[in-house]
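Computed from the coordinates by the stated procedures, all read-outs in this text should not be read as laboratory data. As the structure is a prediction and not an experimental result, all values here were calculated from the model. Reconstructed Cβ throughout: ideal geometry from the backbone, glycine too, with neighbour counts over all protein chains shown.
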Amino acid sequence: MPASASGRAQNVPVPVLPEVAKTETKEGLEAFAAYWFEQLNYAYQTGDITGTQAVTSPACQFCSNITGTLTTNYQGGRWLAGGKIVIPSSATTFERGSDGIYQVIVQVQQSTINYYDPSGSEFRAPTEASDGGNVMLVDFQDAAWRVTGLHPLR
């Protein structure tokens with residue numbers, strides 16, 4: 001059940017990493033990128049950032065900013081409503097850079113986010129819906145993908 005002014009989201013399914021996303025293949029990278037955004041969606045709905053952090057390098061500053069903001073906005077019994085992320089398109093050449101990193105270009109659409117306190121009142125102005133491109137940097141080490149960077153295209 002999605003979050004609203006009445007309360008937090010309930011019974012949100014935890015994303016499951018697809019088997020193909022465990023392989024160092026183009027299909028595996030694409031599946032992993034989609035999975036990472038599913039984890040981020042889960043974090044927006046629940047405030048639980050552990051899944052996102054598990055597949056993200058601490059070196060990803062933009063990622064750390066997102067998870068830090070989520071943690072702050074879920075403190076003290078607060079919650080978010082909205083913020084659903086949709087990925088209408090993504091693409092990768094599946095060419096490893098000289099630094100060993102792969103790039104995925106991802107279009108990210110996110111719905112309006114509302115911020116509620118324990119009384120059900122909004123504690124800050126909503127964040128408007130967005131639609132933008134991002135460059136996701138991903139490494140494959142120890143038989144697993146990990147996001148090392150996320151850079152909005154402006």
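Among the listed residues Q53, Q45, Q109, identify the single one that is within 12 Å of the chain's Cα centre (by Cα), surrounded by 13 or more Cβ atoms within 10 Å (Cβ to Cβ), within 21 Å of A5 (Cβ to Cβ) and not small (G, A, S). Criteria check complete, one pass: Q45. If you go through segment 6-56 and keep only what is in contact with a helix residue (DSSP H, G or I) (Cβ under 9 Å, 6 or more places away or on another chain), of a type in the set (G, A, S) and within 24 Å of G82 (Cβ to Cβ), you end up with A9, A33, A34, A43, G47, G51. Might you let me know whether segment 83-102 holds any residue that is within 16 Å of the chain's Cα centre (by Cα) and on the phi > 0 side of the Ramachandran plot? Checking segment 83-102: at least one residue is within 16 Å of the chain's Cα centre (by Cα) and on the phi > 0 side of the Ramachandran plot. E30 meets the stated requirement of being among the charged types (D, E, K, R), in contact (Cβ under 8 Å) with a residue 40 or more places away in the chain, part of a helix (DSSP H, G or I) and out of contact with any Leu (no Cβ under 6 Å at 6 or more places or on another chain).
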